[in-house]
Structure formats: C-alpha cells, structure tokens
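A.B. asks: Once you've had a glance at the structure underneath, I'll fire off some questions.
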Amino acid sequence: MTTVLVTGGAGFIGYHLTKYLLARGLKVVIFDNFSSYYSPQLKKINALECQKLGAKIIEGDILNRQMLFQTIENEQCSKIVHLAAQPGVRYSSIHPEKTLRVNVEGTANILEAVQKLDIQRVILTSSSSVFGSAFYLPINENHPKKPVSIYGTSKLMVEQMAEVYRYLYPNLDIVIIRPFTVVGAKQRPDMAINKFVSCALEEKKITVFGDGWQTRDWTHVENIAQGFYLALTKEKARNQTFNIGNGSRISVNEVLKLIAKITNHELQLIFSPRNKADIKDTFADISKAKQLIGYHPQKTIFDAIEDFTEFYLAEKFGKGFENISRKVLFESKIIATKS
C-alpha cells in the first residue's frame, strides 16, 4: 500500500485531502506542527477525525530536517504532498521573515528529502499569488509571474527551487500545483467566506476591501482534493505544473448576494480601500489539468458557502445541525441567536 506523507495535513486543505486519499485506499501520515497562526484546537479536531479514519498523526515541523527525514524513513513514505506553509497575503507583509523561512527553507528541506530518500513523487503547493496582477484572463500555466506580495514571492521561490532540482536531478518527480481561492467547510478564520458568513449569521458588519467588483476563481476544497489526488497518482503528471481552480470567476459582490440568500440574512457592508498586496482578478485556465490528468471540478461556490454555513452552525450550536435539512436550518430562529 502506498504511504503518503501530507505535511500540514491538519489544516484546511490537508484535512479534506487526507480524507480524500484515505477513501481511495492510500495510507496517510499527517506531519503537522499545529501552529498558532489559526486555531490549533480546530486543527487538533481535524487530526483526530482523520486518525479515526486511519491516518497516522505526527506532530513535527518541516523546519526540523532531522525529524522530517526520520518520519519519512520510519513510516516508509513513498510519496509526499507538501501543504505545510505560512499562509496569508496580508500576514506576509507584516511578518516577511517568518513567511520566507517557513515557505522557502521548509520546502528546501522537503526537496532534500525527496533527493536523498526513496520518494517516488512529491507534490509542492504553490499559489495563484505567484502571478500577481493578471496580464490576461484566464490565467494559464505560462502566464508571467510577477507577485505583488511577500507570500506570492515565497511561493515563486518554491517553484524556482523545484525547477533547479528537476534540472540537477532528472530522476526526481516533482509536481507543482497552484490552487486558486480555496473555499469550503473548516476554512481558516482569516479567509473571506469564513468572515462573510460568520458576520452574516451573527448580524455583524462585513468589511469589503475595494469596491467588491474584484473577481476570484472560487474553488471548492473538494475540487482541490481531486486535483491533488490526480496529480499524485497519474503518470502524465510527472514533473508537471498545474493550475487547479474552478475555471470561472465571480465577483465578491455576487458572492455576498449568494451569502445573503443562503443564510437568509440581510448583510451590513462596509467598503474599505483595497490592500496593494491583494490581486484584483483571478481566473484559472484549467485545460491542462483536464487534458493531462482528467481533472473536472464538480462543486461550486454555492456548495462551498452552504458547506461552510452548516459547519459554522454545527460548531456554534452543537453537533446535529449538519443533519438538519437546509430549509429547516435557515428558517429556524436559532440562527439569529446572539452568542
């Protein structure tokens, strides 16, 4: 049985990917440091849920090369999905040193492990942030890369390191995935859908950066999990780079209208100047992933908002809410209850 090491496996994408891999018969070892960047408690819950499904949990840091190597050898991992990172575009502007160290040095340790140990394939997680402001839409894999944030720069450095290792060690198999605006249940608190939905349900004001007409290729986390799985298992993925998105774009204002409809709440909006590090538009050309590895996104932004809303209500008001029909859920007066 193939054993996959998933770094950052207790995080938002990692949790969903681990479940996806386990359901398809792969053995998974989660390697996560449960950092305090956001809710270690949520990540512990994610890890326990994955453990119940068969994953092994190891608390470790990608900056600790010795422990990383030992884990790969002891657990006989033959493939790696490297998700562990310091996320956050705005966070990176305030904490550039930490962002660069975790994302660049951490990935360097992963690549050294791939080169020195018996790893069949590694998936490195980049970001749509590497492109910066779009020169054209949709954005294909060959679009110019001119990041406008420290976070985007750190991910471009990840890609450049991968290119060097591909050149120096032709026997290695290094696949790069660039996710576009990942959304769904268990999303990080600093991300837009989490902020918008939670404020809507709690009848708090929602801050919108910019005029709201900026667009995103909102990609359901289960679509992302599908993309990672295909990149991990398909032969044609060897040493390729893929944009993984939904293949469409929707404005923030349109998403806010969906949230108002799904939560049955009138939104209170405050518009604030857009941060210079925020990209105006993202829109993934996913034709390469479709043609080479059979990627076909199944879920939409509407599904993601519903999924996150149910998750949020279940967490706020107790388990069992996720089993109540959406119609009953949103007509219930309990959603207007103040915490």
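A.B. asks: Output ³J(HN,Hα) for region 72-85: one whole-Hz value per residue in order, computed from phi by the Karplus curve 6.51 cos²θ - 1.76 cosθ + 1.60 with θ = phi - 60°, and x for Gly and Pro.
C.D. replies: Listing the rounded values in order: 4, 6, 5, 8, 6, 6, 9, 9, 10, 10, 9, 9, 4, 6 Hz.
A.B. asks: So what are the radius of gyration and Dmax for the Cα set of region 228-276, in Å?
C.D. replies: Cα only, region 228-276: 18.3, 49 Å (Rg, Dmax).
A.B. asks: Given the Cα-Cα distance of F317 and K146 and 0.36 nm per residue of separation, how much length would full extension add, in nm? Write down the numbers at each step before the final one.
C.D. replies: Details: separation 171, 0.36 × 171 = 61.56 nm, distance 4.41 nm.
Contour length minus Cα-Cα distance gives 57.1 nm.
A.B. asks: To the nearest 10 Å², what's Y136's accessible area with a 1.4 Å probe?
C.D. replies: Here the residue's solvent-accessible area equals roughly 90 Å².
A.B. asks: Which net charge results when you count Lys and Arg as +1 and Asp and Glu as -1 among the other residues whose beta-carbon is under 14 Å from that of F271? Walk me through the numbers before you get to the answer.
C.D. replies: On the way: positive: K205, R274; negative: D211, D278.
So the environment of F271 carries a net charge of 0.
A.B. asks: Across region 18-35, in residue order, what do the Karplus-derived ³J(HN,Hα) couplings come to in whole Hz, using 6.51 cos²θ - 1.76 cosθ + 1.60 with θ = phi - 60° and x for Gly and Pro?
C.D. replies: 4, 4, 5, 5, 4, 5, 10, x, 8, 8, 10, 10, 8, 10, 9, 9, 6, 5
A.B. asks: Distance cut-off 28 Å, Cα to Cα: go down the list K98/K276; K44/K146; K79/K186; K52/K98 and report the pairs above it. Walk me through the numbers before you get to the answer.
C.D. replies: Numbers: K98/K276 20 Å; K44/K146 36 Å; K79/K186 25 Å; K52/K98 33 Å.
With Cα atoms farther than 28 Å apart: K44/K146; K52/K98.
A.B. asks: Could you order E75, E49, E315 so the one with the most accessible surface comes first? Probe is 1.4 Å.
C.D. replies: Numbers: E75 30, E49 65, E315 85 Å².
Largest to smallest exposure gives the sequence E315, E49, E75.
A.B. asks: How large is the accessible surface of K234 in square angstrom, using a 1.4 angstrom probe and rounding to the nearest 10?
C.D. replies: In the full protein context, K234 sits at about 90 Å².
A.B. asks: Most mobile of Q115, Q268, Q226 per a Gaussian network model of the chain (Cα springs, under 10 Å)?
C.D. replies: Q268
A.B. asks: A further question on this structure: To the nearest Å, what is the center-to-center distance of region 209-287 and region 167-203, using C-alpha atoms only?
C.D. replies: The two parts, judged by their Cα centres, are 9 Å apart.
A.B. asks: Once you place label points 7 Å from the Cα toward the Cβ at Y167 and K276, how far apart are they in nm?
C.D. replies: Spacing of the two 7 Å Cα→Cβ label points: 3.1 nm.
A.B. asks: Sorted by accessible area (1.4 Å probe), largest first, how do W218, W213 line up?
C.D. replies: Numbers: W218 15, W213 140 Å².
I get W213, W218, largest accessible area first.
A.B. asks: If amide H atoms are built 1.01 Å from N in the plane of the peptide, which residues on other chains or at least 5 residues away come under 5 Å of the amide H of V6?
C.D. replies: Residues meeting the criterion, in which the H sits 1.01 Å from N, are V29, I30, F31, V81.
A.B. asks: Send over the Kirkwood Rh of region 24-138, from the inverse of the averaged 1/r over different Cα pairs, rounded to one decimal Å. Numbers along the way, then the final one.
C.D. replies: Working: mean 1/r = 0.0636 Å⁻¹.
Averaging 1/r across every pair of different Cα atoms and inverting gives 15.7 Å.
A.B. asks: GNM, the chain, Cα, under 10 Å: largest mean-square fluctuation among K195, K316, K155?
C.D. replies: Maximum among the listed residues: K316.
A.B. asks: Quick check: at a probe of 1.4 Å, how many percent of the accessible area of region 132-226 sits on carbon and sulfur atoms? Before the final figure, lay out each step's value.
C.D. replies: On the way: 2140 of 3760 Å².
Carbon and sulfur: 57 percent of the exposed surface of region 132-226.
A.B. asks: Find out how many positive minus negative residues lie around S149, taking Lys and Arg as positive, Asp and Glu as negative, among other residues whose Cβ is under 9 Å from that of S149.
C.D. replies: Working: positive: R90, K276; negative: D278.
Cβ neighbours under 9 Å give a net charge of +1.
A.B. asks: Taking a probe of 1.4 angstrom, what is the accessible area of I72 in Å², to the nearest 10?
C.D. replies: Around 10 Å² of this residue is reachable by solvent.
A.B. asks: Name the long-range amide H neighbours of T241: under 5 Å, sequence gap of 5 or more, or other chain; modelled H, no Pro or chain starts.
C.D. replies: I176
A.B. asks: Would you mind working out the accessible area per residue for region 215-322, using a 1.4 Å probe, and quoting it in Å²? Could you put the intermediate results ahead of the total?
C.D. replies: Values: 4790 Å² over 108 residues.
On a per-residue basis, 44 Å².
The values are calculated or read from the model by the stated rules, or taken from the named source; none is laboratory data. Every value quoted in this text rests on a predicted model; they were computed, and no experiment measured them. With ideal geometry, Cβ positions are generated from the backbone for all residues, glycine too; neighbour counts draw on all protein chains shown. Heavy atoms of the whole protein, side chains included, go into the accessibility calculation; ligands, DNA and RNA do not. Shrake-Rupley method; radii C 1.70, N 1.55, O 1.52, S 1.80 Å.
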